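Scroll down for the structure; my scribbles are underneath it.
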Ligand code: MLT
């Protein structure tokens with residue numbers, strides 16, 4: 001008899017953001033016509049930049065003409081986009097072979113799919129609070145998880161502990177949800193630990209474009225020895241507003257070998273089997289992000305989100321609410337005021353101020369008592385939310 005994957009019984013009933021959207025929909029059903037200020041899921045509010053939309057339109061026209069039409073593209077990514085991404089890394093001093101870059105349909109998809117490379121008997125170490133998909137994807141695979149908690153005492157940046165041996169290590173920097181960013185020395189310690197123990201680091205760099213401090217690393221490959229132990233997963237969702245357009249990329253160095261097997265070659269084998277890649281049109285739009293014009297335009301959008309962050313941080317300062325993040329990351333991680341726990345603060349903000357945020361407890365046990373604001377909302381909504389916060393908690 002067919003036996004479904006029993007590991008699903010070990011998952012929470014529903015995924016964090018799905019759970020929140022159910023609560024929000026229920027609130028809206030009870031309060032028709034109410035306008036919510038959405039600072040919850042990190043979904044962008046600004047449209048794609050002109051360089052991207054022009055490239056998308058041109059690509060549609062290409063598909064309309066016999067001479068420029070494209071059928072299947074190479075599964076691991078169109079050469080023009082892999083090249084553009086490798087060149088982008090080169091400008092940062094990181095030399096990559098073009099075929100070390102894999103085009104994907106987004107970081108969240110890839111963070112789950114990449115687990116195909118690893119045996120289910122491996123142990124996954126997850127720094128927490130964490131993006132919940134890391135945990136859920138490993139539960140689905142039946143993998144043992146070591147939760148590595150962090151807190152204010154270490155600036156939400158946990159360091160390796162030789163006593164806890166892990167095969168797979170999830171690091172996210174700039175961090176979702178806390179906004180904390182590892183410096184080079186800290187990442188070097190993780191890379192050394194991974195190389196010493198034969199582990200692989202899955203480095204989620206989805207928020208690297210938000211780093212302002214030049215001393216902080218955007219990529220794990222700025223660290224010596226990382227090409228021997230790390231996979232970097234990146235996304236254009238937050239960098240360039242592709243949440244609804246879907247495009248990301250993954251870097252797997254050819255030097256990454258475990259148990260005599262080359263992970264880059266394995267991923268080629270996986271992709272050529274399991275996907276026909278991302279559409280020509282979307283990859284053309286993605287390539288435009290890496291042009292000079294595209295970079296200028298996406299930075300202008302990021303500056304608007306950073307202004308949102310400033311406005312929220314000013315309001316929190318005025319309320320005496322402590323927080324981290326917001327500077328080199330698009331998330332602000334705050335301590336719930338007045339003794340609220342994460343979910344009761346969520347309910348309080350929703351009911352009393354029509355503000356939607358994300359309860360810290362949804363990112364793991366050590367997130368209890370904290371709350372996350374996304375800075376990707378519209379500037380008008382963010383300013384209004386800041387005003388309401390100040391009115392409620394400003395004393
Ligand atoms: C978040 O809000 O944590 C992210 O937007 C979710 C995602 O990227 O899937």
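Computed from the coordinates by the stated procedures, all read-outs in this text should not be read as laboratory data. Since this is a predicted model, take the numbers as computed values, not measurements. Here the Cβ positions follow ideal geometry from the backbone for every residue, glycine too, while neighbour counts run over all protein chains shown.
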Regarding the stretch 210-280, what's the average projected area of the Cα-atom convex hull, expressed in nm²? 6.4 nm²
What is the stretch 196-246 by shape, rounded, prolate or oblate, if you read a ≥ b ≥ c off the alpha carbon gyration tensor as root eigenvalues and call it rounded for a/c under 1.5, prolate for a/b larger than b/c, and oblate otherwise? oblate
Taking Rh as the Kirkwood radius computed over alpha-carbon pairs of the stretch 141-218 and applying Stokes-Einstein at 37 °C with viscosity 0.692 mPa s, one gets a diffusion coefficient in µm² s⁻¹ of 246 µm²/s
Could I have the simple spin-label model distance between residue 307 and residue 25, label points 7 Å from Cα toward Cβ, reported in nm to one decimal? 3.4 nm
Residue of 48, 11, 148 that the Gaussian network model of the chain assigns the largest fluctuation, springs spanning Cα pairs under 10 Å: 11
Cα gyration tensor shape for the stretch 222-261, rounded if a/c is under 1.5, else prolate or oblate: prolate
Determine the relative contact order of the stretch 168-251: mean sequence separation of Cα pairs under 8 Å and six or more apart, normalised by residue count, in whole percent. 29 percent
What residue among 156, 69, 182 has the largest mean-square fluctuation in a Gaussian network model of the chain, using Cα springs under 10 Å? 69
Mean ellipticity per residue at 222 nm, deg cm²/dmol - from DSSP H runs of n ≥ 4 across the chain, formula -39500 (n - 2.57): -12500 deg cm²/dmol
Cα-based equivalent ellipsoid, the stretch 276-319: semi-axes from gyration tensor eigenvalues, Å: 34, 13, 5
Which shape class, rounded, prolate or oblate, goes with the stretch 29-162 when its Cα gyration tensor gives a ≥ b ≥ c as root eigenvalues, a/c under 1.5 marks rounded, and past that a/b bigger than b/c marks prolate? oblate
Per residue Cα convex hull volume in Å³ - calculated over the stretch 1-59: 222 Å³
extent check for the stretch 318-373: Cα max minus min per principal axis, descending, whole Å, gives 30, 28, 18
Using only Cα atoms, what is the ratio of the radius of gyration of the chain to 2.2 N^0.38 Å? 0.99
FRET efficiency, residue 10 to residue 92 (Cβ-Cβ, R0 41 Å, nearest 0.05): 0.55
Counting only backbone N atoms under 20 Å from a point 7 Å out along Cα-to-Cβ of residue 123, the residues of the stretch 141-169 in range are 141-150, 158-169
Normalised by the empirical 2.2 N^0.38 Å for globular proteins, what value does the Cα Rg of the stretch 298-346 take? 1.28
Where the Cα pairs of the stretch 92-242 fall when distances are cut into 5 Å bins, in %: 2, 9, 19, 24, 23, 15, 6, 1, 0
Between residue 215 and residue 293, what FRET efficiency comes out of the Förster formula 1/(1 + (r/R0)^6) with R0 = 30 Å and r the beta carbon distance, rounded to 0.05? 0.60
Out of every Cα pair in the stretch 54-100, what percent are spaced more than 18 Å from each other? 45 percent
What is the chain's relative contact order, in percent, from Cα pairs under 8 angstrom and six or more apart in sequence? 23 percent
Need one number: nm distance between label points at residue 165 and residue 184, each 7 Å from Cα along Cα→Cβ, rounded to one decimal. 3.2 nm
Taking the chain as a Gaussian network, Cα atoms linked when under 10 Å apart, which of 131, 370, 18 shows the biggest mean-square fluctuation? 18
One would report the Cα pair-distance distribution of the stretch 100-187, bin width 5 Å, in %, as 3, 13, 24, 23, 21, 13, 4, 0
Longest to shortest principal axis, alpha-carbon extents of the stretch 81-141, angstrom: 37, 24, 20
If you build the convex hull over the alpha carbons only and average its shadow over all orientations, what do you get for the stretch 226-344? Give it in nm² to one decimal. 11.6 nm²
How long is the stretch 294-395 along each principal axis, judged by its Cα atoms, biggest number first, in Å? 44, 30, 21
